[in-house]
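Have a look at the structure below, then the notes.
All of the numbers you see were taken from the coordinates with simple rules; none came from a lab. Since the structure is predicted, the reported quantities are computational estimates derived from the model, not experimental observations. In this analysis, Cβ positions are derived from the backbone assuming ideal geometry, glycine residues included, and neighbour counts consider all displayed protein chains.
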Amino acid sequence: MAHVFPGKGHAAATEVVIAQSGGQAGEALEKAYVQPFTAKTGIPVRLVGVESSIGELKAMLQSGAIDRHVWDVELADVLSAPELFEDLDWDAIKPEPIFPEARQPKAIGRHYYSYVMAWNAKAKPIETWAQFFDTEKFPGRRAMMSYDAYAQLEVALLADGVPADKLYPLDVDRAFAFLEANKHKISVWWDSGSQAAQIVTSGEVDYALIYSGRVAYSKEAGMTYNQGITVLNYLAVTKGLAPETKAAVMQFFHEMTIPKNELTAVATIAYSGPSEGLDALLTDEQRRVLPSSAQNRAKQILINSEWWARNRAAIDKRWTEFRAAL
Amino acid sequence: MARRQISSGFDMPDNKASVALNAPLVLFLLLTIVVPLGGIFFFSLAGEAHPFANYADALASPAFVRVVVTTLILGVIVSIVTTTFAFVFSLWVLRLPPRAKIIAVGAIILPFFVSYLLRALSWIPVLGFNGLVNRILMSTGLIETPLSLIYNPFAVVLGTANVLFPIAALPLLAAFHKVDQRLLAAASSLGASRAVIFRRIFFPLVAPATLSTTVMVFAVATGFYITPSVLGGGKVLLAPNLIELLIHRRGEWGTGAALTIVLLVVYMSAIVLARRLGNPSRRRRS
C-alpha cells in the first residue's frame, strides 16, 4: 500500500497524536493499529488521554494550535458538531470491507460495545428485557446505569413490548413512564462500568444492565447479547489539520480496517472492530463473547446515533429530573 | 484582643517586611481560591439568552432545587450525628489514663491514611445484601430476605459520619483538654452534682468549639462526593454528584457553574446563620 502515499522524507507528517480514553481500549489501539502503522510508515503515533472530546477539541481549535489530530468520539457528537471535524478521504483510506455504519463522512468505526443484561452465576438466566424487569418470575436485585438515559430508553421500550424494528423514533414519554413505574425494582444505579461488574459478580445484585466487555469473559456472571443495544465507537479528525498529517491519519485508518489487526485488538479487549472479515478469524469462544461477531450482531439493535444527536439535550435534562427523584 | 494589639505593635515599625512575608500566602490563596472561583463565576454568567440564563435554568429545575434541599438536610443530619458521637467519644477519652489516651487518639487518626473510596467501599461487605449483618440475621432466622441496609440515605449518613468522625473528634478533644480542671473541682467542692457541673460549667466552656466543629463538619459533608456515590446506590443524588454529572459527563459548564455559585451562597448563609444562632452574646449585640 505504501506507494499510494507520500513516502518517508517527502514532507511527511512528523507525528500523529490521538486523544482517546485510554485503559484497555488504548492498549488495544496501540498494539493492533499503531504498531503496524509505524512499522510501515515510520511515523510515530502518540496516544494522549481525553475526558470529553468535544469540549477539549473546541478549546484546542479556539487556541489555534492543533496538537491533537484524532479523537475518540461517539457518532452523535460528530453529527451534532460537524464543524469541528474534517471530512475523511475514503479513497485514500481504501478500507478493506467494513460494516456500513463504520463508514461515515467524518468518522470511522473503531470498535463495538454493547449494553447487555447480565446476571450473577447463582441467579436464573434471563433472555429478554421484559424478564429483566419481571421480579415475580425472576426474583432478585437489579442494577442499571445512573448517569445516562442513552440506551436505557431503548431497554425500557423493549421491556414494555415495543418490537425492535419499531423502536425509532423512540417514544420518550412511554420509556420514562415505564422506568418511573419500575424504578422501585432497581436496587443500585451504578456510576461506572467497574462498579457494575463488581456488584453483579459479587452477588450484591442478581441482574444488571452492563457494558458487554465488563462481563464477557467472567465466570462469576452470565450474560446474553439478546436484545443488546450495540454502539459503535468512532475516531474522527480535527478540522483543518495539515494535509500531510491528514494523509498519515488516512493511512492509519486503513490499518484499522484490516481483519488481522482487529484480531490483535480483541486479544486485549472484549470490544471488536467493524471488519467484515474478522468473524472468520475468531475462535468459537470469541464469537460467543464479542459484540460484533455474526451471531451476536443478529441478536442486537444498533443504536440510532442520528436520533440521539437530535434529541440528546432534551433527554439529558429529563434524565436529571428522573434521577433526582429516585 | 490584647494579643492582636501587641502583635500589630510589633508589625508597625516594619510594615514592608510584613507585606513581603505575607505575599506568598496571599499569592497562593489568590491562585488556588480566588482565580478558580472567579473562573467558575465567569462560566456561570455565559448564558446563551442572557447572562443569568444559567441561574434561571438551575433555579427553575425541580431536580436542582430538590438536590440542593436534600444536600442541606443530609448535611445538617451528618453534622449533628458526627459531632454528637465525637462529643461523647471525647468525653470518654478525657477521663482515660494518659497511655490509653494516646492509643485512643492514634486509633482515630489512623483511618486518615486510608482513602475515602476504600472506606466507603468497605461498608459493602458489612452492610451489603450478602454482607456480614444480613448473613448473621439470616442465619439466626430473624429475617428471611436480606434487608436493604445499604444504597439508601441512611447508609450515606452513616458512611459520611464515619469518615468525618476524626475531623470532628480532634478539635473537640483539644477544646476539652483546655478546660481548666480546677473550675470543675471547685464546683464539685461547692456541692454541685456531676450533671450540674456538666451543664453549667463544662458545656458552656466547650460550646463555642462544639458549634464551630458542627459547622466545619457541615461544610465538609455538603461537599462529599465519593461516599454518597458508593453508598447511595445512585439513588441519593447530592449536589456534588449533580455538578459532576453536569460538568464531567455532559460538558454543561454553564449550569454546573451556576449551581456551584448558588450552593456556595446557600452554604455560606447557613454557616453565618448557625454562628449567629449559636453565639448568644453576638446575637444580643446585633
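So how strong a dipole does chain A carry about its Cα centre when Lys and Arg Cβ are +1 and Asp and Glu Cβ are -1, to the nearest 20 debye? All intermediate terms of the calculation are to be shown ahead of the outcome.
Values: 33 positive and 40 negative charges, 86 e Å.
Magnitude of the dipole: close to 420 debye.
From the phi angles alone, apply the Karplus equation (6.51, -1.76, 1.60; θ = phi - 60°) to the range A:185-196 and give each ³J(HN,Hα) in whole Hz, x where the residue is Gly or Pro.
Each residue of the range A:185-196 in turn: 7, 9, 7, 10, 9, 6, 10, 7, x, 5, 5, 4 Hz.
For chain A, what is the relative contact order in percent, using Cα pairs closer than 8 Å and at least 6 residues apart in sequence?
On the way: 580 pairs, mean separation 90.0, N = 326.
Relative contact order for chain A comes out at 28 percent.
When a/c reaches 1.5 or more, the comparison of a/b and b/c decides; with that in mind, is the protein assembly as shown rounded, prolate or oblate per its Cα gyration tensor?
Numbers: a/c = 2.31, a/b = 1.60, b/c = 1.45.
Prolate is the answer for the protein assembly as shown, as a/c is 1.5 or above and a/b outweighs b/c.
For the range A:166-181 and the range B:136-210, what is the centre-to-centre distance using only Cα atoms, to the nearest Å?
If you average the Cα positions of each part, the centres end up 49 Å apart.
Under 8 Å for C-alpha pairs, at least 6 residues apart: give me the relative contact order for the range B:133-223, rounded to a whole percent.
Values: 34 pairs, mean separation 27.1, N = 91.
Contact order relative to length: 30 percent.
Apply the Karplus curve 6.51 cos²θ - 1.76 cosθ + 1.60, θ = phi - 60°, to the phi angles in the range B:16-21 and return the couplings in whole Hz, x for Gly and Pro.
4, 4, 4, 4, 4, 5
Could you run the Karplus curve 6.51 cos²θ - 1.76 cosθ + 1.60 with θ = phi - 60° over the range B:87-101 and give me ³J(HN,Hα) per residue in whole Hz, x for Gly and Pro?
Per residue, the Karplus-derived 3J(HN,Hα) values read 5, 5, 4, 5, 4, 5, 4, 3, 9, 6, x, x, 5, 5, 4 Hz.
Out of A:K185, A:K122, A:K106, any idea which swings most in a Gaussian network model of chain A, alpha carbons joined below 10 Å?
Fluctuation is largest for A:K122.
Please work out whether chain B counts as rounded, prolate or oblate from its C-alpha gyration tensor, where a ≥ b ≥ c are the square roots of the eigenvalues and a/c under 1.5 means rounded, while otherwise a/b larger than b/c means prolate and anything else oblate? Before the final figure, lay out each step's value.
Working: a/c = 1.95, a/b = 1.06, b/c = 1.83.
It is oblate, given that a/c is not under 1.5 and a/b is not larger than b/c.
Here are some pairs, A:K106/A:K299; A:K58/A:K183; A:K124/B:K235; A:K106/B:K235; A:K137/B:K235; A:K124/A:K183; which of them have Cα atoms lying more than 30 Å apart in this structure? Before the final figure, lay out each step's value.
Working: A:K106/A:K299 28 Å; A:K58/A:K183 37 Å; A:K124/B:K235 26 Å; A:K106/B:K235 38 Å; A:K137/B:K235 25 Å; A:K124/A:K183 21 Å.
Checking Cα-Cα distances, A:K58/A:K183; A:K106/B:K235 exceed 30 Å.
How many angstrom lie between the C-alpha centres of the range B:88-102 and the range B:240-256?
A separation of 44 Å, based on Cα centres.
Please report the antiparallel percentage of the DSSP beta bridges confined to the protein assembly as shown, to the nearest 5.
Values: 26 of 41 bridges.
Restricted to the protein assembly as shown, the bridges split so that about 65 percent are antiparallel.
Under a 5 Å amide H to amide H cut-off, with H placed in plane at 1.01 Å, what residues pair with A:F85 once short-range neighbours are removed?
A:K239
Between B:V34 and A:A181, how many nm apart are label points set 7 Å from Cα along the C-beta direction?
It works out to 5.9 nm between the two label points.
Amide H to amide H, which residues 5 or more places from A:Q104 or on other chains are under 5 Å from it, using H placed in the peptide plane?
So A:Q104 has HN proximity to A:G109.
Under the classification rounded if a/c is under 1.5, otherwise prolate if a/b is larger than b/c and oblate if not, where does chain A fall, given a ≥ b ≥ c as square roots of the Cα gyration tensor eigenvalues?
It comes out prolate by the Cα gyration axes.
Among A:T230, A:T268, A:T283, which one moves the most in a GNM of chain A with springs linking Cα atoms closer than 10 Å?
Per the Cα network of chain A with a 10 Å cutoff, A:T283 tops the list.
Of A:S21, A:F37, A:I108, which is farthest towards the positive pole of the range A:1-133's charge dipole, taken about the Cα centre with +1 and -1 on the beta-carbons of Lys, Arg and Asp, Glu respectively?
A:F37
Can you list the aspartates and glutamates whose alpha carbon sits under 19 Å from that of A:K185, skipping same-chain ones fewer than 8 residues off?
Within the straight-line limit of under 19 Å, A:K185 reaches these aspartates and glutamates: A:E127, A:D134, A:E136, A:D148, A:E154, A:D160, A:E204, A:D206, A:E321, B:E144.
Rank B:L205, B:L29, B:L149 by mean-square fluctuation in a GNM of chain B with C-alpha springs under 10 angstrom and give only the top-ranked residue.
B:L29
Once Lys and Arg get +1 and Asp and Glu get -1 on their Cβ, which of B:I136, B:A270, B:F89 lies farthest toward the positive end of the dipole of the range B:51-285?
Farthest towards the positive pole: B:F89.
Sequence gap at least 6, Cα distance under 8 Å: using those rules, report the relative contact order of the range B:51-285 to the nearest whole percent.
Numbers: 222 pairs, mean separation 71.0, N = 235.
Rounded, it is 30 percent for the range B:51-285.
In debye, nearest 20, what is the charge dipole magnitude of the range B:51-285 about its Cα centre with +1 on Lys and Arg Cβ and -1 on Asp and Glu Cβ, if you could check?
Details: 20 positive and 5 negative charges, 224 e Å.
Its charge dipole is roughly 1080 debye.
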